[in-house]
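Quick note: the coordinates plus some simple rules give every number you see, no bench work behind them. Since we're looking at a predicted model, the values are computed, not measured.
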Amino acid sequence: MGEIHIYRKGELKLRSNVPGASMWAIALDKAMLTYFEMEPDTKFPEHSHEAEQITLILEGELTFTYEGETTTLKAGDVIAIPSNAVHSAFTGNMPCKAVDAWSPVRKEFLEKL
């Protein structure tokens, strides 16, 4: 069994992700949490990943496109994306803050830290 670790706000340094987005990531063996700050007009191009993704919008709006549908999420809204589902996301004319829960861990996010 691993050790419990507390991360203080000052330890969680934002790193660049896609143009216009910064993030930090924390992971255990099987689960991960990421936090994103996105500028207006930030785009996450169409993609998929093995990890299941649950995104909670904290501030602003984030629009997702998937299966031919487009939906805009606002603060307090949540989207659950199954493994390997093709999707994209973008901000509109305002910044956005969001957290994502992932399982399994997306190691590429840890490599950026």
Practice prompt. Enumerate the amide H contacts of D77 below 5 Å, restricted to partners 5 or more residues apart or on another chain; note that Pro and chain-start residues carry no placed amide H.
Written response: I57
Worksheet item: Do you know the relative contact order of the chain, to the nearest whole percent, from alpha carbon pairs under 8 angstrom that are 6+ apart?
Response: 32 percent
Item to complete: Please give the calculated 222 nm ellipticity per residue for the chain, where each DSSP H segment of at least 4 residues contributes -39500 (n - 2.57) and the sum is spread over every residue; nearest 500 deg cm²/dmol?
Response: -1000 deg cm²/dmol
Discussion item. Which of M32, M23, M94 ends up with the largest GNM mean-square fluctuation for the chain, with Cα atoms connected below 10 Å?
Written reply: M94
Fill in: Gained length - E46 relative to L28, 0.36 nm times residue gap less alpha-carbon distance
3.8 nm
Worksheet entry | Under 16 Å from the Cα of K97 - aspartates and glutamates, other chains or at least 8 residues apart | E37, E39, D41, E59, E61, D77
Item to complete: Would you list, by chain and number, the lysines whose Cα falls below 16 Å from the Cα of K107, excluding same-chain residues fewer than 8 positions away?
Response: K30
